[in-house]
Amino acid sequence: MRAPLLVAVILATAARLSAQAQLQAPQNLGAAKPEPGSLAAIPQALLAEALELSVLASIPRPAGEPAWSATDIKYTLPGTPVTVKMVGSDVAVLVTLTPYAAQGGGLMLVIQGQVWYKDGDSGFHTRTTLETVPVAFGEKILFYPLGAGEGGVAPLVVQISLVRYDPAKSSPAPAAQDKP
């Protein structure tokens, strides 16, 4: 007698839960979260404080022409980190940039770099760096996450530029571009 009662309770509970699920309105169905670093990720009320970060990473050749380069543009707010990912066949670069308002109208930029690279037949290597740099709006910063190589030439150069977002000059940000 206990088994039929237990089955009845289970069925009644399942039916009640099913009915409750059908009555609840679906929340955010199909509403995708905006991609971090995009303008859509910044609330409309804060766009006046938005910053535009341009990043160009390149691996120079001895002849001076880049063997590999990638560019990306991201948008953020002061105090909010944004990550730029750039991937090539033998290198992957992740740079997390966090701008902070500094006294005197400039910025303090915290740069965290992670680089994975293939070094010939010896396999893949990784290198991480952390730098804090005072910067003025529009100033170009050269960041060398792998340090200097032979002859003082850096094997990887990351150029960063930070400006205030200007809606009048706004055009949709291009997707990250890689050049072989």
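Just one residue in the set L47, L56, L94, L77 is touching a Pro at 6+ places or on another chain (Cβ under 8 Å) and either crowded, with 19+ Cβ neighbours inside 10 Å or of a type outside the set (G, A, S) (or both); that residue is L47. Only one of (1) touching an Asp or Glu at 6+ places or on another chain (Cβ under 8 Å); (2) closer than 20 Å to W68 by Cα; (3) surrounded by 17 or more Cβ atoms within 10 Å (Cβ to Cβ) is not met by L146, so which one is it? (1) is the only condition that L146 fails. Annotation note: of T71, T80, the sole residue that is out of contact with any Lys or Arg (no Cβ under 6 Å at 6 or more places or on another chain) and outside any strand (DSSP E or B) is T80.
Of P180, P155, all but one fail to be at pLDDT below 80 and over 19 Å from Y75 (Cβ atoms); the exception is P180.
Within region 150-173, work out how many residues are of a type in the set (D, E, K, R) and either closer than 20 Å to Y100 by Cβ or in a strand (DSSP E or B) (or both).
So the count comes out to 1.
Answer with yes or no whether G147 is modelled with pLDDT under 90 and either closer than 17 Å to L56 by Cα or outside any loop (DSSP other than H, G, I, E, B) (or both). Considered against the rule, which asks whether it is modelled with pLDDT under 90 and either closer than 17 Å to L56 by Cα or outside any loop (DSSP other than H, G, I, E, B) (or both), G147 comes out as yes. Considering (1) modelled with pLDDT under 90; (2) farther than 25 Å from L156 by Cα, say which one G88 fails and leave the rest. Failed condition: (2).
If you go through region 111-128 and keep only what is assigned to a strand (DSSP E or B), of a type outside the set (F, W, Y) and either surrounded by fewer than 16 Cβ atoms within 10 Å (Cβ to Cβ) or in contact with an Asp or Glu (Cβ under 6 Å, 6 or more places away or on another chain) (or both), you end up with I111, K118, H125, T126, R127, T128.
Going by the structure shown, is E65 surrounded by 10 or more Cβ atoms within 10 Å (Cβ to Cβ), within 29 Å of Q114 (Cα to Cα) and modelled with pLDDT under 90? In short, no.
Scan region 40-56 and tell me whether some residue there is at pLDDT below 90 and either among the hydroxyl-bearing types (S, T, Y) or out of contact with any helix residue (DSSP H, G or I) (no Cβ under 7 Å at 6 or more places or on another chain) (or both). Checking region 40-56: not a single residue is at pLDDT below 90 and either among the hydroxyl-bearing types (S, T, Y) or out of contact with any helix residue (DSSP H, G or I) (no Cβ under 7 Å at 6 or more places or on another chain) (or both).
The values are calculated or read from the model by the stated rules, or taken from the named source; none is laboratory data. Since this is a predicted model, take the numbers as computed values, not measurements. No Cβ is skipped: glycine too gets one built from the backbone with ideal geometry, and neighbour counts run over all protein chains shown.
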